[in-house]
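Since the structure comes first, as structure tokens, the remarks are kept for the end.
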Amino acid sequence: METSMGAPTFLSRPEPHNIPEGDTIVLSCTADGMPMPSMRWLKDGKELNSHDRFEISPAKGPTHWITVKNVRPEDSGKYSCIAENSKGTAWCAVNVKISPEGSDIPQQIMSAPMFTAKPKSCRVAATTDCLLRCAVRGVPQPRLTWYKNGASIEGHSGKYLADSKGHGIHTLKILDVDRQDAGAYSVIAESAAGEASCSCTVEPVVSFGNPNEPQKIAKKSVCVTAGKTARLTLEVNGSPLPEVTWYKNGKKIYQGKRFAIIEQGNNFSLKILRICKEDEGIYECCAINKAGIGRAVVDLTVKEQEVFRPVKSSRLVVVDEGKDAFLAVDVVDAKFEVIWSKDGEDVEQDDSLP
């Protein structure tokens, strides 16, 4: 059975703090993703661990927190939470200010950034453009930075177009989407009052073109015995060499413990280890380049593993030394190959074996 995989996304984020020296602060956040993401905390870019006044929650469940007791002015700074799994990375950050003992905490005349609309995760047809949109408010006006899998997209002007539409509305356009554009996209809004972040995922998918122009579909059937390895291999041609994606019953297949996606020149293979009955279904190989799209469909069935059952059960044979010994067994089906072994080693025919 296949599992829907996804890069981490934050369901809740820590709030900014401005508190007096000696108090206790608790920062918490909740992240979702499949596989369940691991989480870690940083202060001003340096990773934190539980020690002395700092206590980090155990890595159980989607919600993680850090507690700082008896805070000091040097605890002021930017605290970040990073969520990671095999599909990507997401992070959020918040500013913490500790006022020295005896000082007055100034009245808040600024407001930290807050997203009023967040970009939505999407599946986008390959070779088309993808538009991510968000809205943010705050005083002073926040500055926005976009990231892909935790790395800033600045310096990639030929691929990304970031724009501000006014009234706090911001967009990121990903041009000519291909499979390298898959991943987690996050946006961070920063100002002197604090910062906020949010994220989404982008998954390029194959577009099946104009319905008035049916695609040619190559279809074949494959039957594999349970427990064996299935290898579905197709030769794909095109210029430029197409990008290939595998699907089972319409769901994208990702590289995993039992699924291996192999590319060797023009040959593209899907390898399924220890195949079982649940792996039966319709497998599609979708190839796309700027010139068009091609599909190949494989109907995979799994048959139960055949078991060798001799008609006659094993019995003890006693023979005098120097005499011939005759061992026989009846097999229910002639298609089985019979191999004899002695003490675990195969017996090869020679002059002593007629």
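Every number here is computed from the coordinates shown, using simple stated rules; none is lab data. Here the structure is a predicted model, which means the values were calculated and not measured. Using ideal geometry, Cβ is built from the backbone for each residue, glycine included, and neighbour counts are taken over all protein chains shown.
Given a Förster distance of 45 Å, report the FRET efficiency between Glu101 and Ile262 from their Cβ-Cβ distance, rounded to the nearest 0.05. Efficiency computed from Cβ-Cβ geometry: 0.10.
When all alpha carbon pairs of the range 223-263 are counted in 5 Å bins from zero, the resulting P(r) reads 5, 15, 24, 27, 18, 7, 3, 1 %. Note on the range 112-205: semi-axes of the ellipsoid equivalent to its C-alpha gyration tensor, largest first and rounded to whole Å, are 24, 12, 12. Structural descriptor for the range 217-303: relative contact order 43 percent, calculated from alpha carbon pairs under 8 angstrom and at least 6 residues apart.
Here is the tail figure for the range 217-303: Cα pairs spaced more than 21 Å apart come to 26 percent of all pairs. Given in Å, the Rg to one decimal and the Dmax to the nearest whole number for the Cα atoms of the range 40-80 are 10.5, 32. Compared with the direct C-alpha span, the chain from Glu304 to Arg274 gains 9.6 nm at full extension, assuming 0.36 nm per residue.
Each label point was placed 7 Å from the Cα along the Cα-to-Cβ direction; for Lys165 and Lys46 their separation is 4.3 nm.
Using a simple spin-label model with pseudo-atoms 7 Å out from Cα toward Cβ, Ser111 and Leu11 lie 2.7 nm apart. The range 6-46: D in µm²/s via Stokes-Einstein (Kirkwood Rh, Cα pairs, 37 °C, 0.692 mPa s)? The calculation lands on 265 µm²/s. Take the Cα of Glu154, go 7 Å toward its beta carbon, and the backbone nitrogen atoms of the range 184-206 under 19 Å from that spot belong to 185-198. Normalised Debye scattering of the range 1-103 at q = 0.14, 0.17 Å⁻¹ gives log10 I(q)/I(0) of -0.54, -0.74, counting only Cα atoms as equal scatterers and leaving out solvent.
In plain terms, the chain from Val338 to Thr229 could stretch by 37.0 nm, reckoned as 0.36 nm per residue minus the Cα-Cα distance.
Here the dipole of the range 217-303 is about 280 debye; that uses its Cα centre as origin and unit charges on the Cβ of Lys and Arg (positive) and Asp and Glu (negative). Using the Kirkwood formula on the Cα atoms of the range 32-166, what hydrodynamic radius do you get, in angstrom to one decimal? About 18.1 Å, per the Kirkwood formula over Cα pairs.
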